[in-house]
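Take a look at the structure set out below.
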Amino acid sequence: MDALGSNAKRLELSQVKQTLKKEQRRLQQRRFLSNTLMLTGNIIIVLITAFALVGPYLVSYDPYEMDPVKRLQPPGAEHLLGTDNFGRDLLTRIVYGARVSIGVGFSVALISAAAGMVIGLYSGYYRALDQVLMRICDGLMAIPGILLAIALVAALGPMTENVIIALGIVFIPYVARIVRSATLVVREETYIEAMKAQGASATRIIWMHIAPNTLSPLVVQATFIFADAIITEAALSFLGAGVPTPDPSWGNILYDGKLVIFKAWWMTVFPGILIILTVMGLNFAGDGIRDMVDPHSSLSFKRKKKK
């Protein structure tokens, strides 16, 4: 009888656990669906990503093929978005440029998030390293980002890989600062002191117990860096110091379009719209993730707005 009673209790406990898990999933789904910013941002990002991935298979022109006879043709049936000052199909250039611009932005966000996380974790945990690493970060942050990026690209050379490295160096200090502040808070928790008392190594404490608690602000910051990297790459290319020509990028197209802006408005309007939409989608997604991770921030913002 005792065995039957214990089995029945186990079954009841398992059913209660399954019910709780289902309720948690429903609550998460409701929170996600009620988060308008995140939904809007995700939809925009998915559409732009699909445009970049599928677009090259749908266009029929070569992004590098020049036809001087058809230069600066307005949008029409043959060329939906017109042609540029070298007679190249603008839609094809924008589609292939989306891959470059989004690829640069994603790579910069990944590099800066990984390097900034390591620097922030170790500078927040070790006081001696904190003084050295944070002073270096302060020095980098004191220089305007666009000027530092131009200087680094000029030193490394005009290549797409060098643009990614330069922008990664520009944004690493911002990630390191955020991860460091989160590390300083978690380091003072009681369970960290208990882990030290039990003889746990510093590496284990940092990567197994502190690092997971810094992921939420890290992901939010990475989405904003993704958007900033796309804008900065476009600015560098617009100034002639970014992705080298004739490789297409949204910034390069804007650079070519500024020379004929009064004759061929389509060369600046269409890539500009895509840059705005992409950055807006990433910012919406970042704000939505921040509200999901830290509901208090959105509540305080709403209270201030009501006042």
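Any read-out appearing in this document is the output of simple, stated calculations on the displayed coordinates, not a laboratory observation. Because the structure is a prediction, the values reported are computed rather than measured. Neighbour counts run over all protein chains shown; Cβ positions are idealised from the backbone, glycine included.
Looking only at the range 258-280, which residues have a backbone nitrogen under 20 Å from a spot 7 Å from the Cα of Asn85 in the C-beta direction?
Within reach of a label on Asn85: 258-273.
Between [x] 45, 28, 17; [y] 41, 26, 18; [z] 26, 23, 20, which entry matches semi-axes √(5λ) of the Cα gyration tensor in Å as derived from the coordinates of this structure?
[x]
Once you put a point 7 Å from the Cα of Val59 and another 7 Å from the Cα of Leu215, both along the Cβ direction, what distance in nm separates them?
3.7 nm
Considering the options Phe171, Ile205, Ala142, tell which one lies farthest towards the positive end of the dipole of the chain, charges being +1 on Lys and Arg and -1 on Asp and Glu at the Cβ, about the Cα centre.
In the chain, that residue is Ile205.
Give me the angle, in degrees from 0 to 90, between the Cα long axis of helix 127-142 and the longest principal axis of the Cα atoms of the chain, rounded to the nearest 10.
The angle comes out at about 30 degrees.
Where does helix 36-58 land angle-wise versus the long Cα axis of the chain, in degrees 0 to 90, nearest 10?
Compared with the principal axis, the helix lies near 50 degrees.
About its Cα centre, how strong a charge dipole does the range 37-306 have in debye, to the nearest 20, once Lys and Arg get +1 and Asp and Glu get -1 at the Cβ?
840 debye
How big is the gap, in Å, between the Cα center of the range 32-73 and the Cα center of the range 93-146?
27 Å
Please list, ordered by chain and number, the residues whose modelled amide H lies under 5 Å from the amide H of Thr83; skip anything fewer than 5 residues away on the same chain.
The answer is Leu72, Gln73, Leu90.
Just to confirm a number: summing +1 for Lys and Arg and -1 for Asp and Glu over residues other than Val95 whose beta-carbon lies under 15 angstrom from that of Val95, what do you get?
-2
Using helices alone, what [θ] at 222 nm do you get for the chain, with -39,500 (n - 2.57) per DSSP H run of 4 or more residues, divided over all residues and rounded to the nearest 500?
-26000 deg cm²/dmol
Using 1/(1 + (r/R0)^6) with R0 = 41 angstrom and r between the beta carbons of Asp247 and Ala200, what's the FRET efficiency to the nearest 0.05?
So, using R0 = 41 Å, E works out to roughly 0.25.
Students often forget the sequence filter, so: which aspartates and glutamates lie under 17 Å Cα-Cα from Lys21 once same-chain residues fewer than 8 apart are removed?
In chain and number order, the partners are Glu12.
Between beta-carbons, use under 12 Å as the cut-off and find the net charge around Phe238, counting Lys and Arg +1, Asp and Glu -1.
Its environment carries a net charge of -1.
Taking the Cα centre as origin and putting +1 on Lys and Arg beta-carbons and -1 on Asp and Glu beta-carbons, what dipole magnitude results for the range 26-157, to the nearest 20 debye?
600 debye
Considering only the other residues whose Cβ falls under 14 Å of the Cβ of Ile164, what net charge follows from Lys and Arg at +1 and Asp and Glu at -1?
-3
Name the shape class, rounded, prolate or oblate, that the alpha-carbon gyration tensor gives for the range 57-163, where a ≥ b ≥ c are the square roots of its eigenvalues, rounded holds for a/c under 1.5, and otherwise prolate holds if a/b is larger than b/c and oblate otherwise.
Prolate, since a/c reaches 1.5 and a/b exceeds b/c.
Which FRET efficiency, nearest 0.05, do Lys21 and Glu78 yield, Cβ-Cβ r, R0 35 Å?
Result of the calculation: an efficiency of 0.05.
Quick check: residue separation of Val269 and Leu39 times 0.36 nm, minus the Cα distance between them. What number comes out in nm?
Gain on extension, Val269 to Leu39, equals 80.2 nm.
Sorting check: for 90-98, 49-57, 107-115, which peptide has the highest mean count of neighbouring beta carbons within 10 Å, and how do the rest follow?
Packing order, densest peptide first, comes out as 90-98, 107-115, 49-57.
Under 1.5 on a/c is rounded, so check that first for the range 205-284, then, if it is not, pick prolate when a/b is larger than b/c and oblate when it is not; a ≥ b ≥ c are the square roots of the alpha carbon gyration tensor eigenvalues.
prolate
Can you give the angle from 0 to 90° between the axis of helix 295-306 and the longest principal axis of the chain, with both taken from C-alpha atoms, to the nearest 10?
Long axis of 295-306 versus the principal axis of the chain: about 70 degrees.
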